[in-house]
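Structure record follows, encoded as structure tokens.
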Amino acid sequence: MKYFKIKTGYRSDEFISITEDELETAITAQITGKVGIFREGTIAGNYIMSITPDYHKILGFNSDYHLTGEDMKLIAKLKDEYLNIFNQVKIKVENQLTGSNKKIKEPEPEPEGSYYWKRKSDGIIIKAEKDKLPKNPDEYEKL
């Protein structure tokens, strides 16, 4: 599951977390200024300051946890994937609103080599070779 954060104020607690399937609604609300309806509540689009990946939720941390340098190394590995998802949805919304047909860039195929897995119990991320699953694969989700 991919998570994004809709920031509505300057304080660190002024946001709601959404999933990837609500991203289109969030971007539409922000562009048009209309109200967006989400699982965690509603927000008027003109109050949406930013829409960014919710790294705290992705990594399994509480929202008030202060990210460290080690955490930022993990985030750097995930950043491009989330940016690609955001840009695809943004182009889709812009096409719907303007009636144009801008090309949506196809996602890059997964790179050869290694993959990242997140342990469901505590959010620890591990790197595994392409053909090797982590021990107890039911305890992990692929990133």
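Annotation: of all residues in the stretch 7-39 being among the aromatic types (Phe, Trp, Tyr) and under 17 Å from the mean Cα position of the chain (by Cα), the one that is surrounded by the fewest Cβ atoms within 10 Å (Cβ to Cβ) is Phe38. With the checklist (1) under 13 Å from the mean Cα position of the chain (by Cα); (2) loosely packed, with under 11 Cβ neighbours inside 10 Å in hand, flag the one item Tyr3 doesn't pass. If we test Tyr3 against (1) under 13 Å from the mean Cα position of the chain (by Cα); (2) loosely packed, with under 11 Cβ neighbours inside 10 Å, just (2) comes out false. Of Asp13, Asp21, all but one fail to be in the same structural domain as Ser63 (by TED's automatic domain parsing), in a loop (DSSP other than H, G, I, E, B) and not polar (S, T, N, Q); the exception is Asp13. Do we have Tyr82 as hydroxyl-bearing (Ser, Thr, Tyr) and surrounded by 14 or more Cβ atoms within 10 Å (Cβ to Cβ) here? Here the answer is yes, as Tyr82 does meet what is asked. Would it be correct to say that Ile85 is in contact with a strand residue (DSSP E or B) (Cβ under 8 Å, 6 or more places away or on another chain), on the phi < 0 side of the Ramachandran plot and of a type in the set (A, V, I, L, M)? The answer is no for Ile85.
Among residues that are surrounded by 11 or more Cβ atoms within 10 Å (Cβ to Cβ) and closer than 16 Å to Ser17 by Cα, Thr52 is included.
The values are calculated or read from the model by the stated rules, or taken from the named source; none is laboratory data. Note that the coordinates shown come from a computational prediction; the quantities given were computed from them, not determined experimentally. Every residue, glycine among them, receives a Cβ derived from its backbone with ideal geometry; neighbour counts consider all protein chains shown.
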